[in-house]
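Read the structure below first, then the notes.
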Amino acid sequence: MTDPTPTMPTNYPTAKGFCLTSAFWMVVATSMGLLGATELIAPDLTENVGWLVFGRIRPIHVNLVLFGFVTPGLLAAAFYYVPKLLRTELYSEKLGVITVLAWNFTMVFVVVSLALGYTQGREYAEMIWPIDMLIVGGFSLVFVNLIMTVARRKEPILYVSVWYVCAGIVLTAVTFCLGNVIWRPNTGSLVGIPDAILLWFYGHNVFGLLLTPLSAGVAYYVIPRACRAPLYSHTLSLFGFWSLLVVYTHIGTHHLLQVPVPTWLKVISIVDSVAMVIPVMAFLINIWYTAKGKLGEIHADIGAKFVFTGTIMYFFVSIQGSMMALPDVQRVTHFNNWVVAHAHVGVLGFAGMIALGGIYYILPRITGRPLYSRFLADFQYWMILIGVIGFTVVLTIVGLIQGNAWLNGETVYRVLPEMHVYYITRASLGLMIFSSALMGLYNIVRSIFFNTGEIS
Amino acid sequence: MNMTPRTVVVGSLLILGVIVFMVVVVPYATRIQAPSDIFRSRTSQEADGRSIYIANGCVYCHSQSIRSIDWGLGAERIAQAGDYIQDKPILLGSERTGPDLSQEGGEHPDDWHMAHFINPRYTRPLSIMPAFAFLGTEDIKKLTTYAQSLGLKNSDQRVERQQFWKKEAIEAYEKGPEANVKWLHETVPEGWRNVPNPYPTTEAGLARGHKIYQDFCLGCHSPIGDGMGPAQPYVYPPPLNFTILKGRGISGGILYYQIMNGITGTAMPYFKRELESEKIWDVGNYVAVNFINQTDADTEPKGIDAAYEP
Ligand code: HEM
């Protein structure tokens with residue numbers, strides 16, 4: 001495990017720790033994804049190795065991506081920009097380093113428990129109660145550190161990035177407790193249909209209240225900085241922030257349009273999934289107009305390039321998401337790889353890209369030296385970009401094949417051979433993304449520890 | 001608007017509170033608690049099997065909720081809220097890499113499940129489901145009990161039917177090939193027994209039959225049709241050795257009927273959902289030509305030739 005080396009007497013140990021955490025778990029998470037994809041091509045590859053069975057690998061992959069790779073990556077940037085924006089020091093680097101260490105231990109527990117089959121069987125809420133506690137603890141530590149930093153600020157005005165990260169962390173801590181039904185440690189669930197409603201309220205908010213606000217925070221920081229331009233509109237920031245909280249939080253039922261939940265709840269979720277265009281465009285217009293005419297500057301900074309690409313992905317995933325919430329569309333897209341494509345554009349293309357962008361943007365600034373290798377970072381950028389777009393194309397095609405075949409009355413079994421060749425392409429793209437994660441880990445470790453570049 | 005820390009934190013928590021009330025608490029308070037027509041509680045063995053189902057992530061590949069637009073497995077019964085009133089957690093699933101399992105109970109007899117869980121390729125050559133032999137026989141049995149309970153009261157009825165015919169099939173099998181074949185063919189309605197395969201034997205037809213056989217049948221009946229496929233050790237009565245059918249009154253119609261409808265009580269599944277009519281005739285003739293070495297293809301009575309025949 002990459003120890004975040006708490007004793008390093010340098011600046012920003014917390015931010016560095018989260019960079020390393022993110023880079024390391026990205027490698028593990030993508031290797032799990034690659035293994036899962038391979039098992040769908042060659043199911044007997046891991047025959048009789050219980051802890052590597054697909055049904056255990058998949059939740060490890062998903063949870064590590066969310067809580068091991070993307071969240072720490074976005075937090076790394078936050079631990080840099082929050083003190084910066086407030087013209088102060090982080091409340092406690094010591095607490096920060098403890099948080100990083102605890103976070104890594106938690107991830108180890110996540111992997112081990114899920115591999116051994118200790119799971120509550122609810123998507124994104126699989127982890128058993130003690131681990132839920134650790135995760136809530138982790139978010140609480142982060143929140144305390146950030147809010148205390150806010151309290152000691154020297155800059156009276158809170159910039160929009162700070163709103164996003166503070167609200168994102170506190171709301172995630174609350175929805176995580178709700179979604180994991182932590183008052184029922186044994187099952188971690190409600191009973192029957194309400195359990196599904198609560199689960200998807202929470203599951204949707206993992207993206208809506210954690211990944212999206214934290215990513216927006218990074219974008220709001222990095223893009224104006226990299227362009228050396230003021231933010232386009234304060235009003236749009238305000239509007240985007242509050243409308244995101246209002247609209248995103250109550251559309252989780254669009255995951256349940258085809259099951260017996262109350263119709264009024266479905267109607268709300270469909271209408272407001274379409275209304276998601278409002279917060280999404282408020283954010284994007286603000287960012288894009290800030291960058292208008294400054295794409296050269298963005299191109300020049302590899303971090304900003306990742307972040308800006310992430311915002312474009314956000315546009316696509318959100319427009320697609322609004323479409324997918326329409327019942328007529330979902331007749332074809334639900335239950336198949338179309339949704340998997342959407343999930344990857346969202347989590348890797350949007351939030352993952354921005355997490356990496358944040359890391360690459362702050363690394364030179366927290367180490368005081370240039371990146372170990374700009375070339376490797378650029379290479380990683382292209383591999384991930386091609387990987388995500390490739391995933392989207394391939395998985396969308398498979399999804400359409402599956403969805404239309406089923407609608408047409410073909411059985412699941414008959415469609416399996418039609419998917420095979422796409423699954424091979426998908427695993428190849430996965431190999432690419434995994435390699436890029438290795439590259440990123442190497443680059444980030446070298447940038448932090450063995451960086452011989454000029455001190456700037 | 002002045003965004004103080006308090007505005008941000010308290011404001012967003014207030015919004016969240018209101019929304020939780022609206023989209024979680026209200027649906028909870030107004031939830032349906034009445035059991036549906038098929039509802040019953042699970043036995044403890046079934047509940048154990050369900051825990052194994054959860055521990056091994058079956059839910060990532062199998063949904064348990066039938067929609068009005070579904071055709072395949074279980075499509076006879078559209079899901080109702082009252083089916084789930086004791087499920088914690090509820091296992092609706094979000095992806096169908098494998099078929100929906102809400103009505104899986106009684107679809108197959110227990111021995112089919114044993115072979116399938118040991119390695120799904122044994123009964124379903126193209127399957128991409130993981131092998132679960134590592135669970136051990138005990139846990140596979142529990143898992144099977146759970147699978148057989150899916151569909152609740154509806155499944156009980158089907159399981160009972162499987163068990164009734166299982167006894168008959170075993171009895172017939174143990175009396176020897178002659179009696180077994182006789183029993184098998186008596187289960188086919190009379191009108192079907194004398195129907196020859198209406199299509200002529202052609203190279204193209206046999207090639208298609210071969211492909212279908214490989215994709216659907218070979219794990220049980222084996223590549224040479226002697227019933228010694230990899231599933232054989234787990235199913236009883238064992239997969240039919242086709243060679244014993246020779247000279248025992250076999251016909252295209254019997255083959256067709258058995259492949260279409262399956263033989264309830266035995267591991268032999270029905271294929272009417274997966275194979276269209278012509279494909280069933282093709283694979284039937286492939287079996288007749290290659291393994292039984294006796295085909296009635298294209299013999300009288302034939303009726304009017306199909307429009308597309310040369
Ligand atoms: C306006 C924005 C969005 C809307 C309206 C939306 C809508 C949807 C809908 C309707 C589904 C369910 C599809 C189905 O099961 O048939 C879905 C699934 C999903 N979405 Fe989005 N989406 C949006 C943005 C995002 C973003 C930004 C992310 C990631 C950061 C994301 C990640 C996911 C994931 C991971 C799933 C899969 C959930 C599962 O496991 O089944 N979405 N989305």
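Details
- Here the simple spin-label model places points 7 Å from the Cα toward Cβ, and for B:Ile78 and A:Asn11 these points are separated by 6.4 nm.
- Taken over the C-alpha atoms, the stretch B:175-292 has Rg and Dmax values of 13.2, 39 angstrom.
- Shape call, the stretch A:188-316: gyration tensor on alpha carbons, a/c limit 1.5: prolate
- Rg and Dmax of the stretch B:44-158, Cα atoms only, in Å: 13.3, 37
- The fewest-to-most ranking of B:Ser63, A:Ser428, B:Ser127 by surrounding Cβ atoms within 10 Å reads A:Ser428, B:Ser127, B:Ser63.
- Longest to shortest principal axis, alpha-carbon extents of chain B, angstrom: 89, 46, 35
- Using C-alpha pairs below 8 Å separated by at least 6 residues, the relative contact order for the stretch A:136-211 is 35 percent.
- Normalised contact order of the stretch A:13-445, rounded percent, pairs of Cα under 8 Å and 6 or more residues apart: 18
- Order of A:Cys177, A:Cys166 - criterion: other Cβ atoms within 10 Å of each residue's Cβ, fewest first: A:Cys177, A:Cys166
- Which of B:Trp165, B:Trp281 has the fewest Cβ neighbours within 10 Å, and the rest in rising order: B:Trp165, B:Trp281
- Rounded tilt (10° steps) of B:277-287 against the dominant C-alpha axis of chain B: 50
- When each of the peptides A:217-224, B:233-240, B:302-309 is scored by how many other beta carbons lie within 10 Å of its residues on average, the order from highest to lowest is A:217-224, B:233-240, B:302-309.
- Relative contact order %, the stretch A:204-304, counting alpha carbon pairs below 8 Å whose residues are six or more apart: 42
- Estimated [θ] at 222 nm from DSSP helical runs (n ≥ 4, -39500 (n - 2.57)) normalised by residues in the protein assembly as shown, nearest 500: -19500 deg cm²/dmol
- Considering only A:Leu134, A:Gly217, A:Gly36, the residue lying farthest towards the positive end of the dipole of chain A is A:Gly217, judged by Cα position with unit charges set on Cβ.
- Placing dummy labels 7 Å off each Cα toward the beta-carbon, the span from A:Thr235 to B:Glu309 is 7.9 nm.
- The stretch A:83-134: C-alpha gyration tensor shape, a/c 1.5 cut-off, then a/b vs b/c: prolate
- Cα gyration tensor shape for the protein assembly as shown, rounded if a/c is under 1.5, else prolate or oblate: prolate
- Sorting the segments A:282-293, B:6-17 by their residues' average number of neighbouring beta-carbon atoms within 10 angstrom, most packed first, yields A:282-293, B:6-17.
- Out-of-range pairs (alpha-carbon distance over 18 Å; input B:Lys182/B:Lys302; B:Lys88/B:Lys141; B:Lys211/B:Lys279; B:Lys182/B:Lys246): B:Lys182/B:Lys302; B:Lys88/B:Lys141
- Charge dipole of the protein assembly as shown about the Cα centre (unit charges at C-beta), most positive-ward option of A:Pro262, B:Pro109, A:Cys177: A:Cys177
- Lys/Arg +1, Asp/Glu -1 at C-beta; chain B dipole; positive extreme among B:Asn290, B:Cys217, B:Val18: B:Val18
- Rounded to the nearest 20 debye, dipole of the stretch B:44-158 from Cβ charges on Lys, Arg, Asp, Glu: 160
- Relative to the Cα centre, the charge distribution of chain B, modelled as +1 at Lys and Arg Cβ and -1 at Asp and Glu Cβ, gives a dipole magnitude of about 980 debye.
- Residue mean of other protein chain beta carbons inside 10 Å, A:400-408: 2
Bear in mind that the values in this text are calculations on the coordinates, not laboratory data. Worth saying up front: this structure is predicted, and the values here are computed from it rather than measured. A quick note on method: Cβ atoms are made from the backbone with ideal geometry, for glycine too, and the neighbour counts reach across all protein chains shown.
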